[in-house]
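**Q** Right, I'll just put the structure down here and ask away after.
The values are calculated or read from the model by the stated rules, or taken from the named source; none is laboratory data. Every value quoted in this text rests on a predicted model; they were computed, and no experiment measured them. Backbone-built Cβ (ideal geometry, glycine too); neighbour counts: all protein chains shown.
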Amino acid sequence: MKKVILRYGAYAGVFEFITFVITWLIIDITNVEHTLQGAIGLVTILVPLIFVYFGIRYYRDQVNNNSITFLKALQVGLLIVLIPSVSFAIIETVYVSYINPKFYQNIAAYDIAQYRKALSPAQFAAKLSEIKQQMVINNNPVYNFFGMILYIGVLGVIVTLLSSVLLMRKVKKETINQ
């Protein structure tokens, strides 16, 4: 089981890095709108989690004699998810700390402009205070690292649950004719 987890976790982690770099370049070159950047970012996070499905399927078909229980599939999937969660957390923390330290400031500036148009002055003042507090938290690399692990982890749990349900297969018992 360890080899399967490490192999498919590594595939997901490497693919996470590759999709992050490609996405970063596409967004940087094309200068797409802010809301589209968020959607592209979410896809960048979710697509590598397909290796959870493939890892569980490989374990079921090649290691576990074509059968797997829901709980075993869940265990394999959750262990695979740990690797891309940590790898994305490292990538994201390096990106927002060293490559683009104004990442969260740019998001905050966009949000402030949108709220200024949509909210009353009193609501806007409250929202502005909330955004400033969030900026302090977001600029903390430790918070960012663990926040990304939790974020990818939650998405990975969802993918693992779906994959476990889709892939569980019980052993067919052969009847003995006497």
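**Q** Look at Leu25 and say whether it is surrounded by 13 or more Cβ atoms within 10 Å (Cβ to Cβ), on the phi < 0 side of the Ramachandran plot, assigned to a helix (DSSP H, G or I) and among the hydrophobic types (A, V, I, L, M, F, W, C).
**A** It is false that Leu25 is surrounded by 13 or more Cβ atoms within 10 Å (Cβ to Cβ), on the phi < 0 side of the Ramachandran plot, assigned to a helix (DSSP H, G or I) and among the hydrophobic types (A, V, I, L, M, F, W, C).
**Q** Could you check the stretch 106-149 and list, in sequence order, the residues that are of a type in the set (Ser, Thr, Tyr) and over 29 Å from Leu46 (Cβ atoms)?
**A** Ser120, Ser129
**Q** Which residue is nearest to the chain's Cα centre (by Cα), if the candidates are limited to the stretch 150-168 and must be of a type outside the set (A, V, I, L, M) and more than 18 Å from Leu42 (Cα to Cα)?
**A** Result: Ser163.
**Q** Next question. Can you tell me which residue is farthest from the chain's Cα centre (by Cα) among those in the stretch 62-81 that are surrounded by fewer than 17 Cβ atoms within 10 Å (Cβ to Cβ) and either at pLDDT 95 or above or of a type outside the set (Val, Ile, Thr) (or both)? Steps first, answer last, please.
**A** Our first condition is that a residue be surrounded by fewer than 17 Cβ atoms within 10 Å (Cβ to Cβ); within the stretch 62-81, this holds for 62-63, 65-67, 69-71.
Okay, now just the ones that are also either at pLDDT 95 or above or of a type outside the set (Val, Ile, Thr) (or both), so 62, 65-67, 70-71.
Working: Gln62: 27, Asn65: 30, Asn66: 29, Ser67: 28, Phe70: 22, Leu71: 22 Å.
Ranking the qualifying residues of the stretch 62-81, first place goes to Asn65.
**Q** Touching an Asp or Glu at 6+ places or on another chain (Cβ under 9 Å) and either under 20 Å from Tyr151 (Cα atoms) or not in a helix (DSSP H, G or I) (or both): does that describe Ile107? Give the derivation first.
**A** On the way: touching an Asp or Glu at 6+ places or on another chain (Cβ under 9 Å): no; either under 20 Å from Tyr151 (Cα atoms) or not in a helix (DSSP H, G or I) (or both): yes.
Against the criterion (touching an Asp or Glu at 6+ places or on another chain (Cβ under 9 Å) and either under 20 Å from Tyr151 (Cα atoms) or not in a helix (DSSP H, G or I) (or both)), Ile107 does not qualify.
**Q** Do we find a residue being closer than 30 Å to Val142 by Cβ and out of contact with any strand residue (DSSP E or B) (no Cβ under 9 Å at 6 or more places or on another chain) anywhere in the stretch 56-68?
**A** No: zero hits.
**Q** Continuing with the same structure: How many of the residues making up the stretch 123-171 are surrounded by fewer than 12 Cβ atoms within 10 Å (Cβ to Cβ), in contact (Cβ under 8 Å) with a residue 60 or more places away in the chain and either part of a loop (DSSP other than H, G, I, E, B) or polar (S, T, N, Q) (or both)?
**A** 2
**Q** Same structure again: Exactly one condition in (1) touching a Phe, Trp or Tyr at 6+ places or on another chain (Cβ under 9 Å); (2) under 19 Å from Gln37 (Cα atoms) is not met by Pro84; state its number.
**A** Just one mismatch for Pro84, condition (2).
**Q** Here are Tyr59, Tyr95: which of them is assigned to a helix (DSSP H, G or I), surrounded by fewer than 18 Cβ atoms within 10 Å (Cβ to Cβ) and touching a helix residue (DSSP H, G or I) at 6+ places or on another chain (Cβ under 8 Å)?
**A** Criteria check complete, one pass: Tyr95.
**Q** Here's something else I'd like to know. Suppose we filter Val32, Val43 for residues that are modelled with pLDDT under 95, surrounded by fewer than 17 Cβ atoms within 10 Å (Cβ to Cβ) and over 16 Å from Leu155 (Cβ atoms); which single one remains?
**A** Of Val32, Val43, the one residue that is modelled with pLDDT under 95, surrounded by fewer than 17 Cβ atoms within 10 Å (Cβ to Cβ) and over 16 Å from Leu155 (Cβ atoms) is Val32.
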